[in-house]
1. In whole Hz, with x marking every Gly and Pro, tabulate ³J(HN,Hα) for region 10-18 from phi via Karplus 6.51 cos²θ - 1.76 cosθ + 1.60, θ = phi - 60°.
2. What dipole magnitude, in Debye to the nearest 20, does the chain give about its Cα centre under +1 on Lys/Arg Cβ and -1 on Asp/Glu Cβ?
3. If R0 is 35 Å, what FRET efficiency do you get for ALA4 and LEU47 from their C-beta distance, rounded to 0.05?
4. Taking the chain, which trypsin sites (Lys or Arg not before Pro) meet the DSSP loop condition and have no more than 15 other C-beta atoms within 10 Å?
5. Quick one: go through region 52-68 and flag any residue whose amide nitrogen is under 13 Å from the point 7 Å out along the Cα-to-Cβ line of ARG27.
6. As a check on your grasp of the helix formula, calculate [θ] at 222 nm for the chain: sum -39500 (n - 2.57) over DSSP H runs of n ≥ 4, divide by the residue count, round to the nearest 500.
7. Which one, VAL26, SER37, ILE65, projects farthest toward the positive side of the charge dipole computed for the chain from Cβ point charges (K/R +1, D/E -1)?
8. Say R0 is 25 Å: what FRET efficiency, to the nearest 0.05, do ILE40 and ASP68 get from their beta-carbon distance?
Amino acid sequence: MSIARVTEIKSSSKKNFDDAIKSGLVRAGKTLKKVKSAWIENQEVMLDDKGQVSEYRVQMKVTFILED
């Protein structure tokens, strides 16, 4: 039997949402072992003074299996 845990992380990118998701998962994988899934709970963009998108942010929940 496996026991899983869910943790919430936020990640950002200057490129796009996809890059923010990937970089967040790569970083989570450095600390969390046996990461199995993630779902995006929220997305937002930050705008610069000219109203242009300057940063993409995601809030996600990551599921990982606890080790014995």
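1. Once θ is set to phi - 60°, the couplings for region 10-18 become 10, 9, 9, 8, 8, 8, 6, 5, 4 Hz.
2. Details: 13 positive and 10 negative charges, 55 e Å.
Value, rounded to 20: 260 debye.
3. Details: r = 37 Å, r/R0 = 1.05.
The computed FRET efficiency comes out at 0.45.
4. LYS14, LYS15, LYS33, LYS34, LYS50
5. Counting backbone N atoms under 13 Å from the label point, the list is 56-60.
6. On the way: 1 runs with 15 residues, N = 68.
Calculated mean residue ellipticity at 222 nm is -7000 deg cm²/dmol.
7. ILE65
8. 0.25
Computed from the coordinates by the stated procedures, all read-outs in this text should not be read as laboratory data. Keep in mind it's a predicted model, so treat the numbers as computed, not measured. Neighbour counts run over all protein chains shown; Cβ positions are idealised from the backbone, glycine included.
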